[in-house]
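What follows is a single structure, written as structure tokens, with notes after it.
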Amino acid sequence: MNRRNCILDIFSGHIFLGGMVTVLLIVMTIFGHSCIEPYMAAIDDEPELITIEGSIIKGNQLQWVVVSKTSSLNNPDFIPVRGCQVSIIDELSNEFVFEEYMKGAYILEIEDDQLVVGRRYKLAVSTPEGDEYESAYEALQNGVAIDSIYYNIEERVQSYSGNELEGIRFFVDINAPDTISRYFRWKITETYEYTSYGPISYFYYDTSLEPVPPDDIWGVYRCWMTEDLQDLYLTSTTNLTVNEKKKVPLNYVSTETDRLNIKYSLLVNQYSLEENAYNYFMQNKIATDGSGGLYTSQPQQPLTNLYNVNDPSERVLGYFWLSSVTKWRIMVPRINSLQVNDHFYPIETFNMEDHADGPFPLYIMEEPATGVRLTGSPYCFDCTRRGGTTTRPSYWD
């Protein structure tokens, strides 16, 4: 994965969980005192608050920090803070200086041997306006190998429709020594293979209806889609006598989409957390779980380990956390007992009367046995239109 894709992943995941969640938490804190009658709060005049999200992950070469300002819940937006000086400082006074790669996103490649388990690190951010922010010193947590990842076929009821769903639920087991933290987080990336309806025999690009063959009739037939899942997966073993836990639930994949139609893969990243970092992510999880609305639970003061060096009274949002990462990839072949939605768009027989005026380009598939010509939306015949890539992943067998 190149650096640009890494940053795009940051913006699709961490900014959402950091910036948007912290806006939600602020609104809950200020306006969430009514437990009887919800209302739309007028929050456009609320002052902007700085949000700093960052981490040091041993096992990841690329480290990141995102600096932004909050926006109104009625008009949510990402407001980057550019031109900051960002660095990580360890307790031995070693300093690691970040560079701004995209708006508000600061990155640094740190060799793994420079990140020492047990050593404490803090984040320092200076804005162009001269404001200085720091985190508390946090210890780099040791990681533990993932014990096992597996799945079960499950039926569940769709919350908004009441329809019964069929699919698979993934689980993870923890088997860690007592010397390791008892707080855990998982981040998940899914990849699945899918196809278009069939090969492209030729195109019509204009009303001349002159057939133009593609370079490869199968060139955009098969794709792979990779996406980071935004849900927060957390658990703790503090109430157990040993640092072990079985069947911790992860994501559910239903047969409503075609994710399970051919082959599905899950890459699971496991992190050990300090208690305060765990509480921060758990607070975000509660705020974003969609369990009924903004005022369904008591509001809480947003947790943070960041502060303004020269004005400790300023409210600062976000968190700086450290961990070691361990990874596990599981491959799931087609499960024949599941009836999976093929997710194909409507296909119709091509004829001059109905299709001579476009819209162009027209994708034409000619059935070899009958000579019948079929057409449909570009999404029917070009798998990349759905966001996937025709490049086969190196781990795909």
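The values are calculated or read from the model by the stated rules, or taken from the named source; none is laboratory data. The structure displayed is predicted, hence computed values, not measured ones. Cβ atoms come from the backbone with ideal geometry, glycine included; neighbour counts cover every protein chain shown. Remember, those area values only see protein heavy atoms, side chains included, never the ligands or the DNA or RNA. Shrake-Rupley method; radii C 1.70, N 1.55, O 1.52, S 1.80 Å.
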Would you mind computing the Rg to Rh ratio of the range 354-395 from its alpha-carbon coordinates, Kirkwood style for Rh? 1.12
Length added when fully stretched, residue 351-residue 257, from 0.36 nm per residue minus Cα-Cα: 30.8 nm
Rg(Cα) / (2.2 N^0.38 Å) computed for the range 106-182, rounded to two decimals: 1.87
Expressed as a percent, the accessible surface of the range 165-236 that is carbon or sulfur, using a 1.4 Å probe and the full set of protein chains, is 48 percent
Residues other than residue 323 with Cβ under 9 Å of its Cβ, Lys/Arg counted +1 and Asp/Glu -1, net out at +1
At 1.4 Å probe radius, can you tell me the per residue accessible area of the range 90-168 in Å²? 55 Å²
Summing Lys, Arg as +1 and Asp, Glu as -1, what charge do residues with Cβ under 14 Å from the Cβ of residue 256 carry, residue 256 excluded? -4
How much of the pair distance distribution for the range 159-210 lies past 19 Å, counting alpha-carbon pairs only, in percent? 70 percent
Against the globular-protein guess of 2.2 N^0.38 Å, express the Cα radius of gyration of the range 90-249 as a ratio, rounded to two decimals. 1.66
Can you check what the net charge comes to around residue 349, using other residues whose Cβ is under 13 Å from the Cβ of residue 349 (Lys, Arg +1; Asp, Glu -1)? -4
So, with points 7 Å from each Cα along the Cβ direction, the residue 137-residue 328 label distance in nm works out to 3.5 nm
Can you tell me the length gained on complete extension of the stretch residue 336 to residue 239, counting 0.36 nm per residue apart and subtracting the Cα distance? 31.0 nm
For the range 224-269, Kirkwood radius (reciprocal of mean inverse C-alpha pair distance, Å): 13.5 Å
Using only the alpha carbons of the range 46-162, what is the convex hull's orientation-averaged projected area in square nanometres? 12.0 nm²
With DNA, RNA and ligands ignored, accessible area of residue 78 (1.4 Å probe; Å², nearest 10): 60 Å²
The range 212-326 - convex hull of the alpha-carbon atoms, volume per residue in Å³: 270 Å³
